Amino acid sequence: MAYGGAAAAHAAMVNAVKASGVLIRVDAQDFIFIASKTRDPLIVTAKSGWRGQKFAYLTSYKGLAFHTETPQQLDLPGDAEVVNAQQIWVPS
């Protein structure tokens, strides 16, 4: 797996979020639905919460960034390119 391309795509997604200020929080089912609508989606994952007790997910679709947090890992689409990050920072 080419992490350089994934890192560049993630950086572009983060820069788009910074520029537009749009980050959409959705529930886990909606996140999976959105990710499944994209061919070969890039999904960034990280453990979050106190002592890493939650799982955070971030992806983009049609120029918007979607985020969810769940207490258990999600069953991601099989064609997804997954990047495991140390942290996903979400503005509150």
Subject >> Loop trypsin sites (Lys or Arg not before Pro), segment 45-82, which have at most 15 other Cβ atoms in a 10 Å radius of their Cβ (DSSP) >> reply: K62
Original post:
Put a dot 7 Å past each Cα toward the Cβ at Y61 and D79; how far apart are the dots in nm?
Top reply: 1.5
Original post:
How many nm separate the modelled label positions at F33 and R51, each set 7 Å beyond the Cα in the direction of the Cβ?
Top reply: 3.4
Subject >> 3J(HN,Hα) from dihedral phi, segment 57-68, Karplus parametrisation 6.51/-1.76/1.60, rounded to Hz, x for glycine, proline >> reply: 9, 9, 8, 10, 8, 6, x, 10, 9, 10, 9, 8
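Bear in mind these aren't lab numbers, they're just calculated from the coordinates by the rules spelled out. Only a predicted model underlies this, so the values are computations on that prediction, with no experimental measurement involved. So basically every Cβ, Gly included, is an ideal-geometry build from the backbone, and we count neighbours across all protein chains shown.
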